[in-house]
1. Conditions first: (1) modelled with pLDDT of 95 or more; (2) of a type outside the set (Gly, Ala, Ser); (3) in contact with a Gly (Cβ under 7 Å, 6 or more places away or on another chain); (4) over 21 Å from Gln76 (Cα atoms). Pro156 passes all but one, so which condition is the exception?
2. Would you be able to tell me the number of residues in segment 14-37 that are among the small types (Gly, Ala, Ser) and within 9 Å of the ligand (Cβ to nearest atom)?
3. Within the group Gly164, Gly171, Gly112, which residue is assigned to a loop (DSSP other than H, G, I, E, B), at negative phi and either without any contact (Cβ under 8 Å) to a residue 12 or more places away in the chain or away from the ligand (no atom under 11 Å from the Cβ) (or both)?
4. It is to be established whether one or more residues within segment 81-99 are modelled with pLDDT under 95, of a type outside the set (A, V, I, L, M, F, W, C) and in contact with an Asp or Glu (Cβ under 6 Å, 6 or more places away or on another chain).
Amino acid sequence: MPKQRIGLYPGTFDPMTLGHTDIIERATKLVDRLVIGVAINRDKGPLFDLEERVEMVREELSDNGSQLNNCEIDVQPFDNLLMHCAEQHNASVIIRGLRAVSDFEYEFQMVGMNLRLNSDIETVFLMANDKYQFIASRLVKEIARLGGDISAFVSPSVAQRLFGKYGLPAGGA
Ligand code: ADP
């Protein structure tokens, strides 16, 4: 049997946006199995706790079952070092999304450091469709908190969860 190529797509997903979904769809064309690693990320002080974020990502992908483009998808929380998480799942590729210039500096440093931890694991960067490239979870939260229209950035069920967190009606203020 040919070797399975396993990818790890790590993120905070606080909340999951249409940008994340787009990157996941693209990643499934590159690997046989995609592990979506939902990071606990205490430092970022997430709005949704880890269990809620794992549930949200699973729910967003549930239309596809656990398969998309012949790729098996598995959503898992992680609380350890990214490279350890990749090794634990036998991933040979880490998938990251890249937005305009804002992500570059941080990602550049991460790849440099990660390659020193394990030089066998490559990081691959994907760009979302231009409709989604500017979406950032942080800004979506800010707009939702103020009751704005977030329907172009997240799915209806994520929007509902977000407005719920801020005590607003399902469609915003
Ligand atoms: P954020 O950076 O918005 O807090 P995450 O930490 O959940 O989101 O991001 C996980 C990965 O998804 C990162 O590689 C990030 O660059 C990528 N990503 C997030 N939003 C987008 C987007 N709109 N387009 C492309 N990549 C994205």
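The values are calculated or read from the model by the stated rules, or taken from the named source; none is laboratory data. Everything quoted here is computed from the prediction, not taken from an experiment. Methodologically, a virtual Cβ is constructed for each residue, glycine included, from the backbone with ideal geometry; neighbour enumeration extends over all protein chains shown.
1. (3)
2. As a first pass, look at segment 14-37 and keep what is among the small types (Gly, Ala, Ser): 19, 27, 37.
Still in the list and also within 9 Å of the ligand (Cβ to nearest atom): 19.
Result for segment 14-37: 1.
3. Working: Gly164 fails: assigned to a loop (DSSP other than H, G, I, E, B); Gly112 fails: assigned to a loop (DSSP other than H, G, I, E, B).
Going through Gly164, Gly171, Gly112 in turn, the sole match is Gly171.
4. Checked against the condition, which is being modelled with pLDDT under 95, of a type outside the set (A, V, I, L, M, F, W, C) and in contact with an Asp or Glu (Cβ under 6 Å, 6 or more places away or on another chain), segment 81-99 yields no hits at all.
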